[in-house]
Each structure stands twice: as C-alpha cells, then as structure tokens.
Amino acid sequence: MATVPPIKSQGIKTKLSAWIKVHAESRSYTRWIEPFMGTGSVVFNVQPEKAILCDTNPHLINFYNAVKSGSITSAKAREHLSHEGSELLRSNGEHYYIVRNRFNATGDPLDFLFLSRSCFNGMMRFSKRGNFNVPFCKKPNRFAPALVTKICNQIENVSKIIHRNDYQFLCQDFQDTIDSADSQDMIYCDPPYIGRHVDYFDSWDVSLELRLRNSLVGSDANFMISTWLENKYRKNSYIGEIWGGCYISTIEHFYHVGAKESNRNKITEALLTNYSTKMSIDVLRPESNVQVMHHMAGTLL
Ligand SMILES: C[S@@+](CC[C@H](N)C(=O)[O-])C[C@H]1O[C@@H](n2cnc3c(N)ncnc32)[C@H](O)[C@@H]1O
C-alpha cells in the first residue's frame, strides 16, 4: 500500500511513486535530493535513509518541519481538525473563510492542513500575492470522525518515516538544491509541468526548464525528472528539444481533480533519466495495469 501524504495537491505523484522508485533503485546512492518536494508523496514512498527535501512554497516546508520537530503530531492535528471542523459545521461552511483569512495572515501549518483537506477538489493554488485562494468544497460536515482519523493516520505514517530517517526540509530554489548535490546522490525532480498549471509558487516556463536542464547536466549526480509526454490534445515538444540525450520511460496516468469520474484527466507521464534503466515489467504491471514503454528520448520524438 502506498503511503499517502496528509497534504493534497493536483499534481500529487502518490500513484506513480512505485514506478519512480523502480527507476531510482537501478542505481545505488547515499542521499535522495528532491528540489520540488511538493506534498512529499515520492520521498514518503521511496523512503531513503537520508534526504534533502526542498520547495519554494514555504507552507509545505513549514508543515513538514513542524511534523519533524513534533509541533504537529497526529494528536494535535485531531484536536485542531475536530475543533475547526465543528465550527465549520455550525457555521454551515462559513468558517472555512475565517480559517483561510487567518492562514493567509499567520501561515499556521495546522490551518494549512485544514484548508488542504476542505478546499475545492483538494487543490493547492495561491494568488499573485501568495495567498491561498481555493474556495470551500461546500461540505460543511467535511471533518466527520472517519476523515479526521484518516488524516491523523496519514500524519502518523509520515511522521514515523521522517523520524526513522535523516531528512532535511528546506525552502529554496531548485538551483541551490541541485548545486549542493554530489556524485553519490540521486536527484529526483518533479517541476511544475511546462505548458500546464501555473500559480504563485508554481510558475514555470522555457527559461526555467532550460535552467533546470543546465543545473542537472552540470551536476555529477544521477538524476530523474518527471514530465508529461502527451495528452488527448497535445504532445510535449520540449522533451525532444530540451531533454534529448536522456532516457525516457512512459506510463499512462489519470490525474484526479476531485472524486468525479468526469474529472479524470488521462496523460502519458514521462520519466527522464541521465542513466539507462532495466525495468522489471513484473513489478510495474500490478501497480499500473498499463502499457509500459522504454525509449531513448532522442529517438522517440
Ligand atoms: C508538480 S509539484 C511537485 C509535486 C510532488 N511530486 C508531489 O507529489 O506532491 C511542483 C512543486 O515545485 C515547486 N516549485 C515551483 N517552482 C520552484 C522552484 N523554482 N524551486 C523549487 N521548487 C519550486 C512548487 O511549489 C510545487 O510544490
């Protein structure tokens, strides 16, 4: 069973983490470096002993540093979500906006958790000023005891992983993270997808994709990058243009935005590596149940 992080986002990689892990395991490394950690879904499933986990979104880093220091525990989260959840129900949902305003003024990590689990479709989106701006999911009884328990178990699970291992959480740009890597490290990058969603902490363009490529190519470490190859409408032409010379594996994936079937967006995910991998189809098939291909990026496109 995959470890599911307590924080949600539209780009979460939980369901792809087993596939990513197989690619990582084809090389030995002493430290896992993740310049775009997001919700942490990949590191919590790979579970390396030592990791540097970074993001420019300070709320993600604050949240996991609070779990690491013990200022957020499953018991504290239960107390917070139960209390705020009962206010949410009593106010018929209005309380969501009180918590959102409070979070945008103070950045409280427990409020961040509350918003992540009660906002519309579990989205993470910030305005130009860096304010969380996702509306309420419109379910005043959102924090029923079963959901609170589920979230607390998720906190308990990631907390055990963080405390069992040597993890550092840093709020910094990917360039600083990659520059700190050495030849013994494995770098896994999951940048915002070029040509796709964009917000205050998630803006991305060709110049950043090129800067990422140059930092990775300049590093001595093995690296992996998640990106997208194609969807129903388009192909990602940047793969051939920017990442030629890397190896590529692809897998079909559905990003879920909310629970509705109609909100399942099919995409062909790609994993680029600077080393060739010998993938075991037996390990991948039960997880993904989809066609798996393995090609050189340069020859594929
Ligand atoms: C696609 S998400 C990562 C998702 C993650 N793998 C997960 O499963 O949750 C990309 C992340 O990159 C972060 N980010 C955007 N620009 C960045 C930059 N210049 N340096 C570091 N992180 C950045 C965003 O805040 C976001 O959390």
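The values are calculated or read from the model by the stated rules, or taken from the named source; none is laboratory data. Computed from a predicted structure; not experimentally measured. Reconstructed Cβ throughout: ideal geometry from the backbone, glycine too, with neighbour counts over all protein chains shown. Side chains included, ligands, DNA and RNA excluded: accessible areas come from the protein's heavy atoms. Shrake-Rupley method; radii C 1.70, N 1.55, O 1.52, S 1.80 Å.
When only residues in the stretch 86-100 that are open to solvent by less than 10 Å² (accessible area, probe 1.4 Å) and either modelled with pLDDT under 95 or assigned to a helix (DSSP H, G or I) (or both) count, which is nearest to Val134 (Cα to Cα)?
Tyr96
With respect to the numbered conditions (1) open to solvent by 10 Å² or more (accessible area, probe 1.4 Å); (2) touching a strand residue (DSSP E or B) at 6+ places or on another chain (Cβ under 9 Å); (3) of a type in the set (S, T, N, Q), which one is the sole condition not fulfilled by Ser118?
Looking at each condition in turn, Ser118 falls short on (1).
Can you tell me which residue within the stretch 25-62, out of those that are among the small types (Gly, Ala, Ser) and at negative phi, is farthest from the ligand (Cβ to nearest atom)?
Ser28
Quick check, is Phe126 among the aromatic types (Phe, Trp, Tyr), in the same structural domain as Arg78 (by TED's automatic domain parsing), open to solvent by less than 20 Å² (accessible area, probe 1.4 Å) and more than 21 Å from Lys76 (Cβ to Cβ)? Working first, answer last.
Working: among the aromatic types (Phe, Trp, Tyr): yes; in the same structural domain as Arg78 (by TED's automatic domain parsing): yes; open to solvent by less than 20 Å² (accessible area, probe 1.4 Å): yes; more than 21 Å from Lys76 (Cβ to Cβ): yes.
So Phe126 fits the description; yes.
Here is a yes/no grid of residues against (1) open to solvent by 70 Å² or more (accessible area, probe 1.4 Å); (2) at pLDDT 85 or above; (3) outside the structural domain of Asp185 (by TED's automatic domain parsing); (4) away from the ligand (no atom under 11 Å from the Cβ):
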residue	(1), (2), (3), (4)
Trp204	no, yes, no, no
Leu212	no, yes, no, no
Leu216	no, yes, no, yes
Ser219	no, yes, no, yes
Ser237	no, no, no, yes
Gly244	no, no, no, yes
Thr250	no, yes, no, yes
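Only one residue in Val4, Val67, Val22 is open to solvent by 10 Å² or more (accessible area, probe 1.4 Å), more than 9 Å from the ligand (Cβ to nearest atom) and outside any loop (DSSP other than H, G, I, E, B). Which one?
Unique residue meeting the criteria: Val22.
Report, by residue number, each residue of the stretch 170-189 that is open to solvent by 30 Å² or more (accessible area, probe 1.4 Å) and either among the aliphatic types (A, V, I, L, M) or near the ligand (Cβ under 9 Å from one of its atoms) (or both).
Correct list: Leu170, Cys171, Gln172, Asp173, Gln175, Asp176.
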